Amino acid sequence: MTKARKLRELLDRPGLVAAVGAHDALSAKLIEAAGFPLVWASSFTVAASQRAMPDVNLLTMTENVEAARYIHDAVSIPVIADCDNGYGNAVNVIRTVEEYEKAGIAGISIEDNVFPKTCSLYPGVRRELASVEEHAGKIRAAKRAQRDPDFSVIARTEALIAGWGMAEALKRAHAYAEAGADMILVHSKAPTAAEVLGFMARWDGSKPVVVVPTLYPSVRFEELEAAGVKLVIFANQVLRGAVKGMRETLEVLQRTKHLQSVVPTIVPLEEIYRYVGVSEFKAIEAEFLPRTAGNVKAIIIAAGSGKSLLPLTEDRPKCLLDIKGRTVLDRQLETLRACGIHDVVVVRGYQKHTVNLPGLRYYDNDRYEETGELVSLFTAETELEGRVLFLYSDILFDPAVLQKLLRSRAEVAIVVDRAWMDQRDRLIPLSKPLDLVVTTNPPAPGLRSLPSEADDRLVRVGQRVPPDQATGEFIGMALFSERGSGLLRETYGHLLRAGHGALHEADALGQAAFTDMLQELVNQGREISCVSVYKGWLEIDTFEDYQRAWAELK
Ligand code: SPV
Ligand code: MG
């Protein structure tokens, strides 16, 4: 439905309608968000905010139509544009209608000021009105020029503003109604509503009436409605409120020179992000831009106490174990950065004060002793949005492993080491529990194979997967797309709401491992893509692992 049609339908309903003046696209969005059904693209506020100029026809039609187009583009509700006097005579009015219709504007208002005009509100300025004939001619020209029959033309009389009296106002209103105006705007600078209410008492009702009570703000909506007014315009209050907000913020900033001092009185950045559509922008990026790691955030789960490595971990978590002068965490960060990931979150717990490298964001799971990885991950729940790389804090990996994972377009993808399949006979019985997986299309075992064309999906994962059935080992690295992160949050939310019962291999949700969540996603019918690698990583979980890392790493 066109906005011109929407405006017609809005005004066809019984009762008074309120439109609010916008000075730009953002203020228009706020007006819509506040629940108003109609925007007034005000000449007064556009001139004031965009050019800091008086409302006296200094802005050209082109400047005004551009401002109105931006306002229209930002909202789904209709916009009535204030076109002053039509920027000249009837010839100019015709082009004005053409341009505003092309811009998507639902209706325009044209006032019977001469060109150049003077704002109706300014006290003590010269006022001249166009003749009735001239203005009626402009209204006829406007009505003939419009292409869309639903487009509305409001004829505005300044007779009361100019002090020409009620009889003149009524005479002009009738003439403009006869010329084809869809509505009559009767403007008044009287300090009370008495003047416009007097107009309404004498008006024959042949066309709906519009008022702008800026200078008689005490009038109530119900009073105007009872008098039969159809449209009331709150023309400039949003701009005036914004100026007060800006001025107060500036006063505090000037006094304190400290940003924190204004934080309580300004909107959070996220609110601006919402109005300008940052999440829509991110979705477009994710769908259409080539995949890079630039927008991936890594979340490293480093809360656990690492008991299997005592006494090495007496005073530090596993991620701070030193291997030839650099910690596991240093080495992970180096690999992440080499792969283009610079946004890193660490969930700490055990010996949390020791994990404090600069440039990372930290979340603390202080209940690390009694809770599992999933609780640690959700300690950083607010970070679980966009593309997220999940990482155990005790693995070291070749950049090629991560690069392969980053190419995945799946909602959820995990890295699976296939070396397991060739080694399993040697490894069974297991010397320690491993996160084993069963997948749909594992590569053929034995020497040499090409990756399968078919996508390999996770079927089972966890430490209780029978080793003789396992087709690989989960290395502790997973990638969630924007939708995948949302899915993870939703699923966890459902599990929390459903109570804290067992989750797969865990006796309770609070103790669940990350693999229990992967299994839950699979069981709910979600596809988890398995990215195959062949070795290329180490885990530092036991003393033997640690010795091996010392031996292998430079
Ligand atoms: C405007 O908002 O630009 C108007 C209303 O035309 S007034 O400023 O009262 O003239
Ligand atoms: Mg105006």
* To do: Using DSSP to define loop residues, name the trypsin sites (Lys or Arg not before Pro) in region 425-473 whose beta-carbon has at most 16 other beta-carbon atoms within 10 Å.
  => R448, R464
* **Nearest-0.05 FRET efficiency for K307 and A508, computed from C-beta distance (R0 22 Å)** => 0.65
* How much of the accessible area of region 3-235, in percent, comes from carbon and sulfur atoms when a 1.4 Å probe is used? -> 54 percent
* To do: Would you mind pulling out the separation of the Cα centroids of region 31-108 and region 229-278, in Å?
  => 23 Å
* With an 8 Å cut-off on Cα pairs and a minimum separation of 6 or more residues, tell me the relative contact order of the chain in percent. => 11 percent
* To do: With the convex hull built on the Cα atoms of the chain, state its orientation-averaged projected area in nm².
  => 34.1 nm²
* To do: List the residues of region 307-329 whose backbone N lies under 17 Å from a point placed 7 Å from the Cα of E544 along the Cα-to-Cβ direction.
  => 308-310
* Asked: Helix 482-497 versus the longest principal axis of the chain: what angle, 0 to 90°, nearest 10, using Cα atoms?
  -> 80 degrees
* Asked: Just in region 447-518: which GluC sites (Glu not before Pro) are loop by DSSP and have at most 13 other Cβ atoms within 10 Å?
  -> E453
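Could you tally the net charge around A283, taking each other residue with its Cβ under 10 Å from the Cβ of A283, Lys/Arg +1 and Asp/Glu -1?
-2
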* Counting only protein heavy atoms, what percent of the accessible surface of region 278-552 is carbon or sulfur at a 1.4 Å probe? -> 51 percent
* Accessible area in square angstrom per residue, the chain, 1.4 angstrom probe -> 47 Å²
* Solvent exposure ordering (accessible area, 1.4 Å, most first) of K6, K171 -> K171, K6
* List the trypsin sites (Lys or Arg not before Pro) in region 222-292 that DSSP assigns to loop (not H, G, I, E or B) and whose Cβ has at most 15 other Cβ atoms within 10 Å. Which are they? -> K257, R291
* Dipole moment magnitude, nearest 20 debye, the chain about Cα centre, only Lys, Arg, Asp, Glu C-beta charged -> 1080 debye
* Structure fact -> For the table K143/K189; K3/K117; K404/K535; K102/K244, the rows whose alpha-carbon distance is greater than 25 Å are K143/K189; K3/K117; K102/K244
* Using 0.36 nm per residue, how much length does the chain from E285 to E222 gain when fully extended, once their Cα-Cα distance is taken away? -> 17.9 nm
* Structure fact -> In the neighbourhood of L518 defined by beta carbon distances under 13 Å, the net charge of the other residues (Lys, Arg +1; Asp, Glu -1) is -4
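The values are calculated or read from the model by the stated rules, or taken from the named source; none is laboratory data. Computed from a predicted model, the values in this text were never measured in an experiment. Positions of Cβ are backbone-derived with ideal geometry, glycine not excepted, and every protein chain shown enters the neighbour counts. Quick note on the areas: whole protein, heavy atoms, side chains included, nothing else; ligands and nucleic acids left out. Shrake-Rupley method; radii C 1.70, N 1.55, O 1.52, S 1.80 Å.
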